[in-house]
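Input: a single structure, listed below in structure tokens.
The values are calculated or read from the model by the stated rules, or taken from the named source; none is laboratory data. As the structure is a computational prediction, the values presented were derived from the model and not from experiment. When we count neighbours, we look across all protein chains shown, and the Cβ atoms used for this are built from the backbone with ideal geometry, even at glycine. Surface areas here come from the heavy atoms of the whole protein model, side chains and all, with no ligands, DNA or RNA. Shrake-Rupley method; radii C 1.70, N 1.55, O 1.52, S 1.80 Å.
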Amino acid sequence: MCGIVGYIGKREACPILIDGLKRLEYRGYDSAGIAVLNCGGIDIRKSIGKLKALECAIEGCAPKGTVGIGHTRWATHGRPSDENAHPHSDCSGQITVVHNGIIENYAELKSRLIAEGHAFASETDTEVAAHLIEQYYDGDLAKAVRSAARELEGSFALVVIARDEPDHIVAARRHSPLVIGLGEGECFLASDVAAFLKHTRRVIYVDDDNIVVVSRGGVGIFDLAGNPIDKEVSLVDWDAAMAERGGYEHFMLKEIHEQPRALRETMRGRLSSELDRVDLPGMNLSDEDIRRINRIVMIACGTAYHASMVGKYAIEELCRIPVEIDVASELRYRNPIIDDQTLAIVISQSGETIDTIVGLREAKEKGAKTLAITNVVGSMAARESDGVLYTYAGPEIAVASTKAYTTQLMVVYLIALYLAQIRGTLDPSRAAQLRAGLWELPGQAELILNDYSEVKRAAERYYCFNGFLYMARGINLASALEGALKIKEIAYIHAEGYAAGEMKHGPIAMIDPTFATIAIAVKSKTYDKILSNIKEVKARSGEVIAIANSHDTVIEDYADRIIRVPETEEILSPVLVAIPLQLMAYYVALGRSPNVDQPRNLAKTVTVE
Ligand code: M6R
């Protein structure tokens, strides 16, 4: 979490830094700050609160200069405050840094530095980096950063300027994202390409333990011993407009509406246009490798974990390979059964979630083949896995994940069909039905998005309810959990996702007239059972909103309200069910919170444990 930026060029740095931070605010918004090199000094401005507060504070008196760094914070060490806001400086005002990550040995380093005479002005772990660099500084910033980086433990992307070295910025990275943007006579540094996409699409992804020196004339990249490293320049295929709101009130709504396109893009070139086969060269597995797999482990967090629930169901059903799913933060603290016949699949929109990355590393160490499903080209998950399947969702800015989720589902279906195709586990006519079903999904998503007035009406009624219970069976249990997560996350309403059959084992006690139940009742093997569960809720004065298929008339005798989605194969239905649940969360949240895109206490990319 936290977003960092740097700029060196011929233009005024301040507006470029502020604009870059705006695009990174999804990473944290507890405070913001910038530092600009000018007239032999470093002009630092920072404010608690969102970037807007900083913008107001510098209006009419913005720092002048063509070299600068900036930061938007998600607080870890030290509460949100002006003092704890980045950038942070050393004692002499020579060194100024911004940082994303956690310096785990900061307490030990801080005691040592205090004993050596350094005075600290904040409670942050970051300030330790500034003083440590000061300690090593003898007129060569790159060398001092290199020496400090060797002593730092934990995760960091650091961007550093020195008062006496106005012609470059130095950066370092370990386990936190950092990317360089190459312009004409200018360079950018950022946590995410979105920060500088409007200026350049030519980028270099920085690796762990790289030290970077950027100047107006170009870039030098070195290892921790100071040896130069050659790095490939990549061209980002997102354009700046994709990271704009495009007329929508919030990114979340825009991103919900982008799902038909995102699903098509993700399917393109993988499901043949004749619909006769699936091809996934990105998996980087031979047919023999695929036949050898005897176990799949899926690792993810949050929404991506819900995608892995769908993946488990689909892969076990279609390929008959046992699949274990793990919340990444749990996997790393047990001793999972993983060996060289295991395929470990990590799912992560950002590709930077630290728990997921650690899970990936653990699986690799135990000999598994690894595959990443991610939305971010060049992300850590993509680079560290043996294979990668991208979700072509485009930039997802809202903290609440929407299009990343449904495209993750698209990829797990493609994987299931591909493995089944090679292992011969699926009857050809059934496989053909499923491929045809997949092909239909983007158009069906469009139908939902063409008219969701019933969702808005339901949100108007329920936004002041005390709680929501999402119940489902089978593969849509993942949808229930995802629906509940969405509404908790952006509307701050207590919500639970539950297996409908489990209701009578506890949760049904919560039902009262202020508690709404959303029942996922699309066509399925267990449709009749869900109807009985709805009856049970109704018998206890609960209100029920059913997500049901377009032509289902039976449901009308059961639910208070019905939100319709087109009919598809049960196994594919989570994609369509997700959309009204996202919209419901969005419209309920509109009535309760001004911060739909940036809900309190959260950040889009969780790069700390
Ligand atoms: O970038 P990732 O997919 O690894 O992120 C995982 C979770 O942090 C993320 O899905 C989170 O749960 C979303 N904000 C939910 O909407």
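Odds and ends about this structure:
- Eligible lysines near K64 by straight Cα distance, threshold 30 Å, same-chain separation 8 or greater: K10, K22, K46, K50, K52, K143, K198
- Note on K486: lysines with a C-alpha under 22 Å away, same-chain residues under 8 apart excluded, are K254, K312, K403, K456, K604.
- Taking Lys and Arg as +1 and Asp and Glu as -1, the other residues whose beta-carbon sits under 11 Å from that of V97 total -3.
- Dipole of the chain computed with +1 at Lys/Arg Cβ and -1 at Asp/Glu Cβ about the Cα centre; of S308, N38, L469, farthest Cα towards the positive end is L469.
- Rolling a 1.4 Å probe over the protein heavy atoms leaves D339 with an accessible area of roughly 60 Å².
- Size descriptor, Kirkwood hydrodynamic radius, that averages inverse alpha-carbon separations across region 339-422, Å: 13.0 Å
- Packing order of peptides 80-93, 5-18, highest average first: 5-18, 80-93 (average count of other Cβ atoms within 10 Å over each peptide's residues).
- Span-like helix check, the chain: qualifying full DSSP H segments, with Cα axial length of 24 Å or more and mean Kyte-Doolittle of 1.0 or more, are 573-590.
- Each residue was assigned an accessible area with a 1.4 Å probe, and for D207 the value is about 60 Å².
- Of the whole protein surface, K529 contributes about 120 Å² of accessible area at a 1.4 Å probe radius.
- Pairwise centroid distance, computed over Cα atoms, of region 65-100 with region 420-490, Å: 43 Å
- Candidates I296, T76, M267 compared by Cα position along the dipole of the chain: farthest toward the positive end lies M267, with charges placed on Cβ.
- The charge dipole of the chain, taken about its Cα centre with unit charges on the Cβ of Lys, Arg, Asp and Glu (plus for the first two, minus for the last two), comes to roughly 940 debye.
- Taking the Cα centre of region 251-450 as origin and assigning +1 to Lys and Arg Cβ atoms and -1 to Asp and Glu Cβ atoms, the resulting dipole is close to 80 debye.
- The chain - Kirkwood radius from inverse mean 1/r over Cα pairs (Å): 25.3 Å
- Positive dipole terminus of region 453-590, leading residue within F515, V565, A478 (C-beta point charges): F515
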